[in-house]
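Asker: Handing you this structure, nothing more for now.
Every read-out reported here was derived from the displayed coordinates using simple, explicitly stated rules and does not represent laboratory data. From a predicted model like this one, the values you see are computed outputs, not experimental measurements. Glycine also receives a Cβ, built like all others from the backbone with ideal geometry; neighbour counts cover every protein chain displayed.
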Amino acid sequence: ETGVTQTPRHLVMGMTNKKSLKCEQHLGHNAMYWYKQSAKKPLELMFVYSLEERVENNSVPSRFSPECPNSSHLFLHLHTLQPEDSALYLCASSQNRPGTDTQYFGPGTRLTVL
Amino acid sequence: GQQLNQSPQSMFIQEGEDVSMNCTSSSIFNTWLWYKQDPGEGPVLLIALYKAGELTSNGRLTAQFGITRKDSFLNISASIPSDVGIYFCAGLDQGAQKLVFGQGTRLTINP
């Protein structure tokens, strides 16, 4: 248990569906992150939030839409995804500003887009 | 952007053997982290290194922060079956405010 939980753990969706991934951290951290992990590729940083404000968006397609309502919760809203978006989506959090502190990861959501 | 070269990409060893893997970078990091990822799970932090030259142990794991701040290694002694997984190094780039990951080392252990 790292103190970061993600739901659902597995998700299968069609290309026309709309779904959301949820992340919750119980560590009192101020920064949260979304990463994408595809087979045989390094972890790709998607979004960074610090104190509920988005501080980085790494050229992610608009079919991925993040939301951070408070410092403990982070969502990733998905719509009209493509099969190549199938991957493990990982949430992480860190104590302070991005780049200054160790990140702790959740277990991930395994997403399959049909 | 910054890249980390992690090697080897995969290792096949016998139970009880020692393991060594490393990461190198063309630029300097202020913090090196080592994570382990089991299938279907997120990476779990093993060791964090904050000072050049630092040598830190966590049970059978030992990691060092290279003196040049451009490399780090991880050693596992007397491997056991539960050591199987993918090990990632990561460098904390404070200037760019991001964590840069290596490609991972997949460890397989034959009993």
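Asker: Could you tell me what fraction of 2.2 N^0.38 Å the Cα radius of gyration of segment A:1-76 comes to, as a two-decimal ratio?
Answerer: Against the empirical 2.2 N^0.38 Å value, I get 1.12 for segment A:1-76.
Asker: Quick one: order B:LYS98, A:LYS40 by neighbouring beta-carbon count within 10 Å, fewest to most.
Answerer: Least crowded to most crowded, the residues run A:LYS40, B:LYS98.
Asker: Determine which residues of segment B:50-67 fall in the zone a paramagnetic label at B:ALA78 would reach in this model, i.e. backbone nitrogen under 12 Å from the point 7 Å along Cα→Cβ.
Answerer: Within reach of a label on B:ALA78: B:59-61.
Asker: Just to confirm a number: summing +1 for Lys and Arg and -1 for Asp and Glu over residues other than A:PRO69 whose beta-carbon lies under 14 angstrom from that of A:PRO69, what do you get?
Answerer: -2
Asker: May I pose another question? Between A:VAL12 and A:SER38, what length comes free when the chain is fully extended (0.36 nm per residue of separation minus the Cα-Cα distance, one decimal in nm)?
Answerer: Difference between extended and current length: 7.8 nm.
Asker: Pop a pseudo-label 7 angstrom from the Cα along the beta-carbon direction at both A:HIS77 and A:LEU51 and give the gap in nm to one decimal.
Answerer: 2.5
Asker: Using a basic spin-label model with each label point 7 Å from the Cα along Cα→Cβ, how many nm lie between B:ASP18 and B:ASN58?
Answerer: For B:ASP18 paired with B:ASN58, the spin-label model returns 2.0 nm.
Asker: Binned at 10 Å from 0, what are the whole-percent values of the Cα-Cα distance distribution for chain B, short to long?
Answerer: P(r) for chain B, in whole percents per bin: 15, 49, 29, 6, 0.
Asker: Quick one: if the Förster radius is 41 Å, what FRET efficiency do A:SER65 and B:ILE67 give, using the C-beta to C-beta distance and rounding to 0.05?
Answerer: Once rounded, the FRET efficiency stands at 0.40.
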